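K.L.:
One structure follows; several queries about it will come next.
The values are calculated or read from the model by the stated rules, or taken from the named source; none is laboratory data. Being a predicted model, the structure only gives us computed values, none of them experimental. For neighbour counting, all protein chains shown are included, and Cβ atoms are generated from backbone atoms with ideal geometry for every residue, glycine included. Accessible surface is based on the protein model in full, side chains and every heavy atom, while ligands, DNA and RNA are left aside. Shrake-Rupley method; radii C 1.70, N 1.55, O 1.52, S 1.80 Å.
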Amino acid sequence: MKFLIIIPAHNEDSNIFFCLQSLRNQTFKDFEVVIVNDGSTDKTAEIVAKFLKEDSRFRLINLKISTHQPGAKVVRTFYKGLETADLNQFDVICKFDADIICTQIQELKPLM
């Protein structure tokens, strides 16, 4: 199974490193991560750029600053990430918050 993980991010420089590091350190490697930077004014984009250099599974999309709209803004940012991917290449599509830290993801096997 191949996973697409989309992470909307706005001013997440205190969290995004730990989130991305936890994904990079997984033993399960068949995934891609799209970080959608929604007009951050902190160091979010700089931190993500470091991951782009070290691991080709990580991609960054920078959006312009948009007005604050709780809920709707995150949904629109997620869809911007979806638009950049060939969804036929993925079995599972995930939306993660930038403050999520993943423990080990085990390879999924059918129950039957």
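K.L.:
Taking only pairs six or more apart or across chains, which ones have beta-carbon atoms under 8 Å, a first residue in segment 1-24 that is under 16 Å from ASN37 (Cα atoms), and a second residue that is in a loop (DSSP other than H, G, I, E, B) and open to solvent by less than 10 Å² (accessible area, probe 1.4 Å)?
P.N.:
So the pair list comes out as ILE7/ALA98; PRO8/ALA98; ALA9/ALA98; HIS10/GLY39; GLU12/ALA98; ASN15/ALA98; ILE16/ALA98; CYS19/ALA98.
K.L.:
From the residues in segment 1-29 that are assigned to a loop (DSSP other than H, G, I, E, B) and in contact with a strand residue (DSSP E or B) (Cβ under 7 Å, 6 or more places away or on another chain), which one is nearest to ASP99 (Cα to Cα)?
P.N.:
Out of the qualifying residues, it is HIS10.
K.L.:
What pairs come up if the first residue lies in segment 33-46 and is on the phi > 0 side of the Ramachandran plot, the second is in a loop (DSSP other than H, G, I, E, B) and open to solvent by 10 Å² or more (accessible area, probe 1.4 Å), and their beta carbons are under 7 Å apart, counting only those six or more places apart or on different chains?
P.N.:
If the second residue must be in a loop (DSSP other than H, G, I, E, B) and open to solvent by 10 Å² or more (accessible area, probe 1.4 Å), the pairs left are GLY39/HIS10; GLY39/LYS64; GLY39/ILE65; GLY39/SER66.
K.L.:
Among residues belonging to segment 70-92 that are under 13 Å from the mean Cα position of the chain (by Cα) and assigned to a loop (DSSP other than H, G, I, E, B), point out the one that is farthest from VAL36 (Cα to Cα).
P.N.:
Once the filter is applied, the top-ranked residue is ALA85.
K.L.:
Same structure, new question: Does LEU20 satisfy the criteria of being open to solvent by less than 40 Å² (accessible area, probe 1.4 Å) and modelled with pLDDT of 95 or more?
P.N.:
So LEU20 fits the description; yes.
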